[in-house]
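Structure first, commentary second.
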Amino acid sequence: MNAYVFQSERLGFRNWETKDLSPMATLNNDDQVMKFFPFKPSEEDTRKFISRMQHMYTKRGFCYFAVDVLKTQEFIGFIGLSEQTYLPDLKIFVDIGWRLQKSAWGNGYATEGAKACLLYGFQTMDLTEIYSVASRINKKSIAVMKKIGMQRIKNFNHPKLVNSPELKSCELYQIRKL
């Protein structure tokens, strides 16, 4: 049994484990999953990502959590919160994001998981605002942002995507603690 930090109706959210490297590297190597990213992370990139998330969880109490389907204990990707620093007008901000394997698509997991992460962020971590970013062409992620109650703040050219003309035009969404 996995030690979950919290759960939603169908999902368990946990810190990353060594066993997650292979399935996460496979997920990161999927052309459809990575359609709206400038490159597919290597296994070493994935190892570094997992290490960063473990460190962030230890330091801050949140990260892009590893996510399992509770009924099957199957790892399906990540949903969670992460500190970001690439927007100069926000300095350090907390982003909500997700990346799920194709077999998990179409089940409402991204929306369910994102709502659970917002509750965790606002209630447990006492955050006052959470942001999310997606390329304007990533309509499915933008739809999730709207479903979880986020409001569009602005369009901007992502500073980390300047060499990816089809991806650099992004939308910034925000939700505040009530």
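Quick notes
- Being at positive phi, over 11 Å from the mean Cα position of the chain (by Cα) and open to solvent by 60 Å² or more (accessible area, probe 1.4 Å) holds for only one residue in D89, D126, and it is D126.
- Per-region count, segment 126-178, residues among the charged types (D, E, K, R) and in a helix (DSSP H, G or I): 5
- Residues in segment 100-118 that are touching a helix residue (DSSP H, G or I) at 6+ places or on another chain (Cβ under 7 Å) and either surrounded by 19 or more Cβ atoms within 10 Å (Cβ to Cβ) or touching a residue at least 40 places away in the same chain (Cβ under 8 Å) (or both): L100, Q101, A110, A114.
- Exclusive hit being touching a residue at least 40 places away in the same chain (Cβ under 8 Å) and in contact with a Cys (Cβ under 9 Å, 6 or more places away or on another chain), set F122, F78: F78
Rundown of residues vs (1) more than 20 Å from P88 (Cα to Cα); (2) out of contact with any Gly (no Cβ under 7 Å at 6 or more places or on another chain), yes/no style:
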residue: I142; (1), (2): yes, yes
residue: G149; (1), (2): yes, yes
residue: K154; (1), (2): no, yes
residue: P159; (1), (2): no, yes
residue: P165; (1), (2): yes, yes
residue: E171; (1), (2): no, yes
residue: I175; (1), (2): no, no
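- Failed criterion for K35 (all others in (1) farther than 17 Å from N138 by Cβ; (2) exposed (fewer than 13 other Cβ atoms within 10 Å of the Cβ) hold): (1)
The values are calculated or read from the model by the stated rules, or taken from the named source; none is laboratory data. Because the structure is a prediction, the values reported are computed rather than measured. Note that we place each Cβ from the backbone using ideal geometry, even for glycine, and neighbour counts take in every protein chain shown. Surface areas here come from the heavy atoms of the whole protein model, side chains and all, with no ligands, DNA or RNA. Shrake-Rupley method; radii C 1.70, N 1.55, O 1.52, S 1.80 Å.
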